[in-house]
Every structure is written in structure tokens, then in C-alpha cells.
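Enquirer: After the C-alpha cells below, expect a handful of questions from me.
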Amino acid sequence: MPFRVGASIPLLTIMTRETGSDLLPAQIDTLYNYYNLCAEEHLFYETGYVDETVWCAWLRGMKYFAGDAAVSKLWEKEIKSGSYYHFKLSLFENSKCPRVDQ
């Protein structure tokens, strides 16, 4: 069964859409749920509830999705709104995790 965020469409279907195509409303809803989940994981990592190995795995996954221009653009827009517990995409570049910034 593909990974789903809540009752949304499978997250990986967003990455298999036609290159350069716009995100559909259902895909955007799925991404909002994913962004919330990632920000919560970051918050739990920062407060010591998530092990660094687990956090590094999350970062690699987030970087994969942020590699899509439409996904990244939407994520940046959402972050600028002040949501997501001060999560920033720059975490990918400033990470101490192996293989995240490759």
C-alpha cells in the first residue's frame, strides 16, 4: 500500500505526474498534510523526541520531494505564511546528516 498522508492521495503520485505540470487541488491538500507532518517531525527532533538517525532519514525524504519545482515553490509559499513551527527548507543545506546535501 502506498504511503498516504491522512486520507489524501498517495504522496508518490505527486512525483510521478508529468514534468512541469501544475499541482491538482487534491495533490496540494496532500502536500499541506505532508508539510505539517514534516514540521512536526522537525519540532519533535528539536525537542529531543526524535533520534538523529530518524531525523536524517526524514530530511532525505523531504529533500526528494522538495526537488520538484512545484512542490518546493508551494512549500516556500507556505513557510513564508509563518506556519510550520519555524521549519525552513534551508535545513537541507545546513544539515549534519550524511548524504542529505548530495
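The values are calculated or read from the model by the stated rules, or taken from the named source; none is laboratory data. No experiment lies behind these values; they were computed from the predicted model shown. Note that we place each Cβ from the backbone using ideal geometry, even for glycine, and neighbour counts take in every protein chain shown.
Enquirer: With the requirement that a residue be in a helix (DSSP H, G or I) and either among the small types (Gly, Ala, Ser) or farther than 18 Å from Ser83 by Cβ (or both), what does segment 32-57 give you? Give the derivation first.
Expert: Step one: list which residues in segment 32-57 are in a helix (DSSP H, G or I), which gives 32-46, 52-57.
Once the filter is applied, which keeps residues that are in a helix (DSSP H, G or I) and either among the small types (Gly, Ala, Ser) or farther than 18 Å from Ser83 by Cβ (or both), segment 32-57 yields Ala39, Glu52, Thr53, Val54, Trp55, Cys56, Ala57.
Enquirer: Can you pull out the residues in segment 60-69 that are assigned to a helix (DSSP H, G or I) and over 19 Å from Ser83 (Cβ atoms)?
Expert: Residues of segment 60-69 that are assigned to a helix (DSSP H, G or I), as a first pass: 60-66, 69.
Result: Arg60, Gly61, Lys63, Tyr64, Ala69.
Enquirer: Another question about this same structure. Taking into account only those residues within segment 74-92 that are among the charged types (D, E, K, R) and under 12 Å from the mean Cα position of the chain (by Cα), which is surrounded by the most Cβ atoms within 10 Å (Cβ to Cβ)?
Expert: Here is the first cut: in segment 74-92, the ones among the charged types (D, E, K, R) are 76-78, 80, 88.
After this cut, where a residue has to be under 12 Å from the mean Cα position of the chain (by Cα) as well, the list is 76, 78, 88.
Values: Glu76: 12, Glu78: 18, Lys88: 14.
By that ranking, first place goes to Glu78.
Enquirer: A further question follows. Collect the residues in segment 15-31 that are touching a residue at least 12 places away in the same chain (Cβ under 8 Å) and either more than 13 Å from Asp68 (Cβ to Cβ) or part of a helix (DSSP H, G or I) (or both), keeping them in residue-number order.
Expert: Met15, Ala26, Gln27, Ile28, Asp29, Thr30, Leu31
Enquirer: Looking only at segment 44-85, how many residues end up being among the basic types (Lys, Arg) and modelled with pLDDT under 85? Talk me through it step by step, then tell me what you get.
Expert: Pass one, segment 44-85, residues among the basic types (Lys, Arg): 60, 63, 73, 77, 80.
From what is left, the residues that are modelled with pLDDT under 85 are 80.
Matching residues across segment 44-85 total 1.
Enquirer: What's the number of the only condition in (1) assigned to a helix (DSSP H, G or I); (2) more than 11 Å from the chain's Cα centre (by Cα); (3) modelled with pLDDT under 90 that Ala7 fails to meet?
Expert: (1) is the only condition that Ala7 fails.
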